[in-house]
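Participant: Pasting a structure below so you can have a look.
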Amino acid sequence: MACRHCLQKCAKRVARCFSSVEYTALAMCSVGVILVMSGTFAGRWRLDEHGTAPLENVWSVSGFPQKSYGLLLVTARTSQSWTMVTRVMCDWQGMKGAQISSWIQTGAKSATDGCSGNEDCGGGFAGHLYMRCKEYDRIYIANMAVMCVTFLTTVVMCIVAILIGALRPLQKGGGVAYGLLLFSGFVLVGTDAAWAVTTWVAFKNLGETAWYPYPNLGIGWFLHIYGGLSILVASRIFGWLVMPLVRQYDPEQEGLAKSQQKIKQMKLWNKEWGQQSAPMGPAATSAYGYEQGYGYGEGYDGYGYNVSPEAYPANQDYQHANVVGAPAMPPLQMGPQV
């Protein structure tokens, strides 16, 4: 029975969500939150569909068919976190990059063509490693910013706003819910646009110093921004319908109306109680010979006992009589005290 009651209660809640446009807008905000969270953990925010296939046509190298960039991982043949990728690349840019650059410069001295020992031979490789370290660090910071904003806006603001709008009356909690949802939608869309521009600049700079295929925006970014747009549009519809109710709501007027309703209800109860406790007249005399109600008729008390003078003659001792009117029992004879 308890499970059945819970299921019925949940069904009523679900039906309430689609009973009006306001609650339907809140349901659409919930869908937007799901899209945002799905996009956050998706592994493809940018996708390089070329991989190393063009290089394999020229040199005998073993590369990867494609490379995807997410907020947490970089995936080619294997998956690595952005923290590891950035740290390894900056280590190469430091000691290892300088050592490899010196080897390239030494080998170029004996070459018959090329730069003939010019410093630019080794400087190109070291410069690209420095560029990778700098741009990877920029992308890593942008990823962490998106993660923090996502969890702050979706987990904290959006979920709290949806609960306030669904559980509290719209005229009371609608304004707070509308403000939180609208702010979250703007922040999510703006963060996605900023991430796209930041990574576009980073990969463009990497392509200027070496052969680096530009990765296009992937499914993860589109899910994230679609969720943000859903929250933004649905919250705007919700506010358009709810804010007139919020502006018209007056807490003092509501308190006064509740007080008047309580007074009216108390008057109604008093009236009903008076009708039930009033004497019902001679027609309501019971088979016991007295009238029903608190007035039982002449000669009877309020509990139905006969207290008329005829029922208690004056020549009897009623000093210790009981409530029924019977003479008291003779006092007990006590034995001699020892």
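Participant: Within region 1-22, count every residue that is among the aliphatic types (A, V, I, L, M) and either within 25 Å of Leu180 (Cα to Cα) or modelled with pLDDT of 90 or more (or both).
Facilitator: 3
Participant: Filter region 49-78 down to residues that are among the β-branched types (Val, Ile, Thr) and out of contact with any strand residue (DSSP E or B) (no Cβ under 6 Å at 6 or more places or on another chain) and give me whichever is surrounded by the most Cβ atoms within 10 Å (Cβ to Cβ).
Facilitator: It comes out as Thr52.
Residues are listed down the side, and each one gets a yes or a no for (1) closer than 17 Å to Tyr212 by Cα; (2) not small (Gly, Ala, Ser):
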position: Ala27; (1), (2): no, no
position: Phe41; (1), (2): no, yes
position: Pro54; (1), (2): yes, yes
position: Ala76; (1), (2): yes, no
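Participant: Filter region 200-237 down to the residues that are among the hydrophobic types (A, V, I, L, M, F, W, C), at pLDDT below 90 and either crowded, with 21+ Cβ neighbours inside 10 Å or in a loop (DSSP other than H, G, I, E, B) (or both) and list them by number.
Facilitator: If the condition is that a residue be among the hydrophobic types (A, V, I, L, M, F, W, C), at pLDDT below 90 and either crowded, with 21+ Cβ neighbours inside 10 Å or in a loop (DSSP other than H, G, I, E, B) (or both), then Ala210, Trp211 are the ones that fit.
Participant: Looking at region 23-34, is at least one residue at pLDDT 85 or above and over 26 Å from Gln171 (Cα atoms)?
Facilitator: Looking through region 23-34, at least one residue is at pLDDT 85 or above and over 26 Å from Gln171 (Cα atoms).
Participant: Same structure, new question: With the requirement that a residue be assigned to a loop (DSSP other than H, G, I, E, B), in contact with a Ser or Thr (Cβ under 9 Å, 6 or more places away or on another chain) and at pLDDT below 75, what does region 47-105 give you?
Facilitator: Val61, Ser62, Gly63
Participant: Hey, does region 68-80 have a residue that's free of Cβ contacts under 8 Å to residues at least 24 places away in the same chain, touching a Gly at 6+ places or on another chain (Cβ under 6 Å) and not β-branched (Val, Ile, Thr)?
Facilitator: No; the residues of region 68-80 include none that is free of Cβ contacts under 8 Å to residues at least 24 places away in the same chain, touching a Gly at 6+ places or on another chain (Cβ under 6 Å) and not β-branched (Val, Ile, Thr).
Participant: With respect to Gly179, is the statement that it is buried (at least 20 other Cβ atoms within 10 Å of the Cβ) and of a type outside the set (A, V, I, L, M) true?
Facilitator: No.
Participant: Tell me yes or no: at least one residue of region 188-199 is under 24 Å from Leu223 (Cα atoms), at pLDDT 90 or above and within 14 Å of the chain's Cα centre (by Cα).
Facilitator: no
Participant: Suppose we keep only residues that are in a loop (DSSP other than H, G, I, E, B) and within 18 Å of Phe203 (Cα to Cα) within region 35-46. Which one would you say is modelled with the lowest pLDDT?
Facilitator: Gly43
Participant: Moving on. Which one is farthest from Ser38 (Cα to Cα) among residues in region 152-168 that are under 8 Å from the mean Cα position of the chain (by Cα) and without any contact (Cβ under 8 Å) to a residue 12 or more places away in the chain?
Facilitator: Only one residue fits best here, namely Leu163.
Participant: On to the next question. Being at pLDDT below 70 and of a type in the set (Asp, Glu) is the filter; apply it to region 238-275 and report the residue that is farthest from the chain's Cα centre (by Cα).
Facilitator: Looking at residues that are at pLDDT below 70 and of a type in the set (Asp, Glu), I get Glu252.
Participant: While we're here: Working carefully through the options Thr112, Thr153, find the one that is polar (S, T, N, Q), farther than 14 Å from Cys29 by Cβ and modelled with pLDDT under 90.
Facilitator: That would be Thr112, the only listed residue that is polar (S, T, N, Q), farther than 14 Å from Cys29 by Cβ and modelled with pLDDT under 90.
The values are calculated or read from the model by the stated rules, or taken from the named source; none is laboratory data. All values reported here derive from a predicted model rather than from experimental measurement. No Cβ is skipped: glycine too gets one built from the backbone with ideal geometry, and neighbour counts run over all protein chains shown.
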